[in-house]
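The values are calculated or read from the model by the stated rules, or taken from the named source; none is laboratory data. The shown structure was predicted, so the numbers you read here are calculated from the model rather than taken from an experiment. Positions of Cβ are backbone-derived with ideal geometry, glycine not excepted, and every protein chain shown enters the neighbour counts.
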Amino acid sequence: SKTINVSGNLETPAILELTPSIDLIDLTINGLDEEAIILKNLKANKKLIVNGEEGTVTVDGVNKYSDTDMWGFPRLKPGANTITVSKNNVDITIKYKPRYI
């Protein structure tokens, strides 16, 4: 697991960029929504983008929302966010913009 410390005082949408080193049947991510985010049918060296700002899931610009099992798009709360991932053979980048009110 990794902890991301988010500045700001409002919840903010997150953009996940995931690139597996091998084909994965599924990948479960906790800590980015009330429920786990499950991504399916990931292909080796193909970047999957889960965009919480735009509400999209794509690989090479192609809609892959049907390969997800999630209630909501990824988001981060102010302060510490602990993110856990079910498999190690995937590179993950999480992008966000802090929000203030």
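Table for the structure above
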| read-out | value |
| --- | --- |
| The range 26-36, residues that are among the β-branched types (Val, Ile, Thr) and either buried (at least 16 other Cβ atoms within 10 Å of the Cβ) or more than 11 Å from the chain's Cα centre (by Cα) (or both) | Ile29 |
| Flag if Ala14 is more than 16 Å from Ser66 (Cβ to Cβ), in contact with an Asp or Glu (Cβ under 7 Å, 6 or more places away or on another chain), modelled with pLDDT of 95 or more and aliphatic (A, V, I, L, M) | no |
| Count of the range 6-25 residues which are loosely packed, with under 14 Cβ neighbours inside 10 Å and either under 18 Å from Val85 (Cβ atoms) or under 10 Å from the mean Cα position of the chain (by Cα) (or both) | 4 |
| In the range 38-72, residue nearest to Ala14 (Cα to Cα) [restricted to those that are touching a residue at least 24 places away in the same chain (Cβ under 8 Å) and of a type in the set (S, T, N, Q)] | Asn51 |
| Pair list, Cβ < 8 Å and 6+ apart or interchain, from the range 73-101 residues that are free of Cβ contacts under 8 Å to residues at least 12 places away in the same chain and at positive phi to residues that are surrounded by fewer than 16 Cβ atoms within 10 Å (Cβ to Cβ) and among the charged types (D, E, K, R) | none |
| Checking Trp71 against (1) in contact with a strand residue (DSSP E or B) (Cβ under 8 Å, 6 or more places away or on another chain); (2) among the hydrophobic types (A, V, I, L, M, F, W, C); (3) outside any strand (DSSP E or B), the condition it does not meet | (1) |
| Among the residues listed as Thr58, Thr84, the single one being more than 19 Å from Ser1 (Cβ to Cβ) and in a strand (DSSP E or B) | Thr58 |
| Test: residue in the range 51-60 that is aliphatic (A, V, I, L, M), at pLDDT 95 or above, exposed (fewer than 12 other Cβ atoms within 10 Å of the Cβ) and farther than 14 Å from Ile83 by Cα | no |
| Positions within the range 37-46 being on the phi < 0 side of the Ramachandran plot and surrounded by 13 or more Cβ atoms within 10 Å (Cβ to Cβ), in sequence order | Ile37, Ile38, Leu39, Lys40, Leu42, Lys43, Lys46 |
